[in-house]
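Data block below; observations after.
Just so you know, all these numbers are worked out from the coordinates, no wet-lab data involved. Just so it is clear, the model here is predicted, and its values are computed rather than measured. Cβ atoms come from the backbone with ideal geometry, glycine included; neighbour counts cover every protein chain shown.
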Amino acid sequence: MTGLEPRGFRWVIAGRLAVSERIGGSGFQHRRVRREEEIAWLKEQGIDTVLSLLPASQNRAAYEAAGFTFRSVPVEGAPEEAAEVEAVFEALDELLAVPHASVLMHRDSVDDVVAGILAGYLIHASMLDDPIIATSVIQEIIGRPMGPEGRRLIPASS
């Protein structure tokens, strides 16, 4: 196996939806060589699509050069409007509607906002119908508790 596993990489839906920190690292830690190694690793895992929640289309050219489909839905800070979270859900719906697509969603870090969006997506997509169970599932996947900033992004039910 070649490449380097991205920080925080976890499968949310095995083989279909994964999450990680920004490829190549964030801010001053970002490194081109690391990005290239992480892209190689993602390709070996079958990832073919990247959904970025970053405020700019960072790494877009590198993703497209590697053959990934790229989509950007900027989520700055903690979303204040339900429409911001719905835009991410709609993008995930579209990207996962492609047969056999394997999507990586990322932001600078796998924080409470990302965790809340993922738990919310499980409700939105009718994979789970209880927000408490969705919260528990995502906490288990990311390996830490989710705070109130993430919990408030989870819809009551689909």
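What length, rounded to one decimal in nm, is gained on full extension from residue 87 through to residue 60, with 0.36 nm per residue of separation minus their alpha-carbon distance? Can you show the working numbers first?
Numbers: separation 27, 0.36 × 27 = 9.72 nm, distance 1.91 nm.
That pair, residue 87 and residue 60, stretches by 7.8 nm at full extension.
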Give the shape of region 10-122 as rounded, prolate or oblate, defined through the alpha-carbon gyration tensor: a ≥ b ≥ c are the square roots of its eigenvalues, a/c under 1.5 means rounded, and otherwise the shape is prolate if a/b is larger than b/c and oblate if not.
oblate
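Which value, in debye to the nearest 20, gives the size of the charge dipole of region 10-151 about its Cα centre, when Lys and Arg are +1 and Asp and Glu are -1 at the Cβ?
Values: 13 positive and 22 negative charges, 133 e Å.
Value, rounded to 20: 640 debye.
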How far is it, in nm, from the label point at residue 2 to the one at residue 133 when both lie 7 Å from their Cα along the line to the Cβ?
4.3
